[in-house]
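Computed from the coordinates by the stated procedures, all read-outs in this text should not be read as laboratory data. Source: prediction; values computed, not measured.
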C-alpha cells in the first residue's frame, strides 16, 4: 500500500544520513542477522568484545 511506501521513504530519507555519518566515523557495524538467534548473538558478541 501507498502508506507503507511513504513511511519507508521517510525512514530512508532520515536514516541514510545517520548511517553515512557513523560509517565515516568507523562506528557503524553491520551484523548478518540471517542465522539463528544463537549464531547472531555469537557474531554480535564477538564484535562488541573486539571494541
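Considering helices alone, the calculated mean residue ellipticity of the chain at 222 nm is -24000 deg cm²/dmol, with DSSP H runs of length four and up weighted by -39500 (n - 2.57) and normalised per residue. Counting only alpha carbon atoms, the long axis of helix 37-49 and the longest principal axis of the chain meet at about 70°. Length available on full extension from residue 31 to residue 50: 0.36 nm per residue minus the Cα-Cα distance, which gives 5.5 nm. For the chain, the longest principal axis of the alpha carbon atoms and the long axis of helix 2-24 meet at an angle near 50°.
Between 38, 14, 24, the GNM of the chain built on Cα springs shorter than 10 angstrom shows 38 fluctuating the most.
Is the chain rounded, prolate or oblate when judged by the Cα gyration tensor, a ≥ b ≥ c being the square roots of its eigenvalues, rounded requiring a/c under 1.5 and prolate requiring a/b larger than b/c?
Working: a/c = 5.39, a/b = 1.53, b/c = 3.53.
Judged from the Cα gyration tensor, the chain comes out oblate (a/c at least 1.5, b/c at or above a/b).
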